[in-house]
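Right, one structure below, let's go through it.
Bear in mind these aren't lab numbers, they're just calculated from the coordinates by the rules spelled out. Computed from a prediction, not measured in an experiment: that's the story for all the values here. Every residue, glycine among them, receives a Cβ derived from its backbone with ideal geometry; neighbour counts consider all protein chains shown.
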Amino acid sequence: MSKAALLITIAILLSVAAAAQQSNASAEAAADVGGPARPADTAGLEAQLPQQPQNKPRAADTSRSEIKRPKSEGSMVGYVDDALIGTQIRLRFDAGFDSNAPDRAEFFYSKCGCYGFLPTTNPAYDPKAPGLGPGGANDINFQQIYLQAEYSPFSRFSVFSEAPFRFIQPQAFITTLLGSPIPVGFNQGGEIGTARLANPSGLSDVRFGFKVAVVQSENRTLTFQFRTYAPTGNVPLGLGNGHWSVEPSLLYYQQLSDRWTIEGQVGDWHPTGGHAGIPTNGSGSFAGDVFLYGFGPSYQVYRSPNLQVAPVFELFGWHVLGGFQTAPNVNADGVNIVNLKFGVRANIERHHSVYLGYGRAVTDADWYRNLLRAEYRYVF
């Protein structure tokens, strides 16, 4: 039901955007139509008459019908969220490798189901642990495909939605947890003796939200973004974390010159729920806040009216402010993760944009050791 509702919402947004674009095109065509042609037999008569000054045609007043945008060529970054506001669709593909604690603070997926297979005397024993099990993965690869839609009825405001589809391939498992042996591998239903679950896949947690431009000029935009994560992913398959989360952020875009641009982001991912922490009867939650930040400069090495090409360097980091993880040190509070990312973006004509990039973790802790990203963006 949630998948159908999301697809209907995206279809409505795209239909409205297409209708708005068609309306603008029709208005422009009407403005280009000239007055009726003069009969040929009046040309000589007009030449003999004194010429009167002609009133210049008045420019059409489009202030009420046209949404005025900053004179920028679009966001160049590939990982930092886009501060610019507009109507657009985006298709993104990520391939992540070697995630070493995928249940950390329940940011990627929910608490490992392996805690339900600890001895009942272990303080961390949790028969309600909902995530992938019965084994605990300490190395997974994953791919995610995102369909994103943003609609802007006003120059300073937009709403957006994101539908991510996730594919997981476990690579390695721990054999002991908090001093106790645990099963190895993922099984159907997270139970011992059921069929092996090799590569879980499906719809992950759907996101939606809004953006408001607090400051907006030709060369600078400061935007407040509020993103909500809905628990639509199948938790026992590792496709979601099982609770609602919110992520307020500030996004910044600055065009430094005709070719140089810098963009940045700072925000906090906040879980509104979470599963039992360690020990299970304690007051702490396995989920925890994650402070996030990033920035990236870009430089257009090639520039023409219909094509701009820019390499982009980005630094993106996360600081975990609480929660737990299935790792040698189960306390996730204070974990720092920093990634360096490099990519190339090409903006083609007015509407099309393509990005290819690579990211690598430079800290021991990670959400992934390496990440490949490809993205196509269409701006209306």
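Observations, loosely collected:
- In nm, spacing of pseudo-spin labels at Leu91 and Asn336 (7 Å Cα→C-beta vector): 4.0
- Per-residue Cβ neighbour counts within 10 Å put Lys111, Lys211, Lys128, Lys341 in the sequence Lys128, Lys341, Lys211, Lys111, beginning with the fewest.
- Neighbour-count order for Ile85, Ile174, fewest beta carbons within 10 angstrom listed first: Ile174, Ile85
- For a straight C-alpha distance cut-off of 20 angstrom, the aspartates and glutamates reachable from Lys341 (same-chain residues fewer than eight places away being disregarded) are Asp81, Asp82, Asp94, Asp98, Glu263, Glu314, Asp364, Asp366, Glu375.
- In terms of its alpha-carbon gyration tensor, segment 139-192 comes out prolate; a/c meets the 1.5 threshold, and the first ratio a/b outweighs b/c.
- Per-residue ³J(HN,Hα) for segment 269-277, Karplus 6.51 cos²θ - 1.76 cosθ + 1.60, θ = phi - 60°, Hz, x for Gly and Pro: 8, 10, x, 8, x, x, 9, 4, x
- Between Leu256 and Val215, the C-beta separation translates, for a Förster distance of 25 Å, into a calculated FRET efficiency of about 0.95.
- Column: log10 I(q)/I(0), Debye, Cα scatterers of segment 88-379, q = 0.11 Å⁻¹: -0.68
- Each residue in Thr221, Thr280, Thr363 was given a count of other beta-carbon atoms within 10 angstrom of its own, and listing them fewest first yields Thr363, Thr280, Thr221.
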